[in-house]
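Single-structure report; data block below.
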Amino acid sequence: MVTENKNRVLTFAVFLMVIIALFFCFGRVAYGAEKQMVTSGSNVRFRSDPSLDGNIIINLPAGTLLTETGRSGEWASVNYNGQSGYVNTQFIKEAPAGGSEGTTAAAPDTVPAAAFSATGGHIVCIDPGHQGKGDNTKEPNGPGSPVMKARVAGGTHGTTSGLKEYELTLAVGQLLKNELISRGYTVYMTRESHDVNISNMERAQYASRVGAEVSVRLHANGASNSGTNGALALAPSASNPYVANLAAPSQNLSSKVLSGYCAATGFANKGVQANDTMTGINWCTMPVTIIEMGFMTNPGDDANMANPAFQAKMAKGIADGIDAYFAK
Ligand SMILES: [Zn+2]
């Protein structure tokens, strides 16, 4: 009896160990498939389906913690507050340790390549020109082009204000984003931080990927003559080797945006100029404009553009132009 009991106890102990071992293995597999992620852009769409056509359940602020349960292409299946849905993998990154799903982590100090806000109206991609640091490594000037150009230039700066072009473009870009959202547009931003490295080609590709109907690229000018002032816009010409089909609508968009902008700011209108050398235009698949909002080398333009109250006028003027374009 004693021996038999011992054997039973032993058998039971082995059985228990096997169960525990199995539990550990499967537990680990399940744990390994789930990842704590955090939203890295503002207004990240949490969707019902892994598609841009999926219903938006809620727009998540930057820094929202999510549990990723799987991934297919550019879509991650995630849980948010116990609800399952999908987010584009571009707008999430691995969460730092700690924190639980549904809470908001400390605001990330670097916002990644892209962020967006949705209201359901016409879709606009805003590209605040440049970034904190230029990148001189090269990329093709257009699809299939043998001409290689710097991924993204450093940009100019205000000779009076000291403001950097990349600071000005993002300041106006954020105001424009809010202005357009308030007018019912769906807005995508190529960047919402200076601490990014997104080439001009990538900015154009981003606009395509998000289904933008127009791309509005914000820049400011510099000239050796400090007396040169005023705003102008750049659009591809009808003989552009890559995007000739976009010449007419891009020129129309440029003309509307520039008129709205100059009316709102009182800046001199230097007109729409054809330009076929810009990588960020040549890779576009939708009407595009580069608005050179003024000359940072001109003390008058510079002082105005560095003024936040004036920047609000700039953004309103550009939004007026976009309204006029879509009202056609
Ligand atoms: Zn620029």
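Just so you know, all these numbers are worked out from the coordinates, no wet-lab data involved. Small disclaimer: the values here were computed from a predicted structure and weren't measured. FYI the Cβ positions are ideal-geometry reconstructions off the backbone, even for glycines, and counts take in every protein chain you see.
3J(HN,Hα) couplings calculated from phi for the stretch 133-139 with the Karplus curve 6.51 cos²θ - 1.76 cosθ + 1.60 (θ = phi - 60°) are, in sequence order, 9, x, 9, 7, 5, 9, 9 Hz; Gly and Pro show x.
Legend: ranking of residues D127, D53 from fewest to most surrounding C-beta atoms inside 10 Å; resulting order D53, D127. Our coupling estimate for the stretch 301-317, obtained by passing each phi through the Karplus curve with A = 6.51, B = -1.76, C = 1.60 and θ = phi - 60°, is 4, 4, 4, 4, 5, 7, 8, x, 5, 5, 4, 5, 5, 4, 5, 4, x Hz, Gly and Pro reported as x. Summarising the label geometry, the points placed 7 Å from Cα in the beta-carbon direction at V147 and R71 lie 3.7 nm from one another. A straight Cα-to-Cα reach below 14 Å connects K35 with the aspartates and glutamates E68, E94, E101, residues fewer than 8 places away in its own chain not being considered. Ordered by the count of other Cβ atoms within 10 Å of each Cβ, fewest first, F295, F15, F267 give F15, F267, F295.
By definition, a body whose alpha carbon gyration tensor gives a ≥ b ≥ c is rounded when a/c is under 1.5, and the stretch 115-326 falls into this rounded group. Just to confirm a number: summing +1 for Lys and Arg and -1 for Asp and Glu over residues other than M293 whose beta-carbon lies under 12 angstrom from that of M293, what do you get? With Lys, Arg at +1 and Asp, Glu at -1, the neighbours total -1. Residue exposure proxy: L234, L175, L253, ordered by other Cβ atoms within 10 angstrom of their Cβ from fewest to most, comes out as L175, L234, L253.
Note on K164: lysines with a C-alpha under 16 Å away, same-chain residues under 8 apart excluded, are K133.
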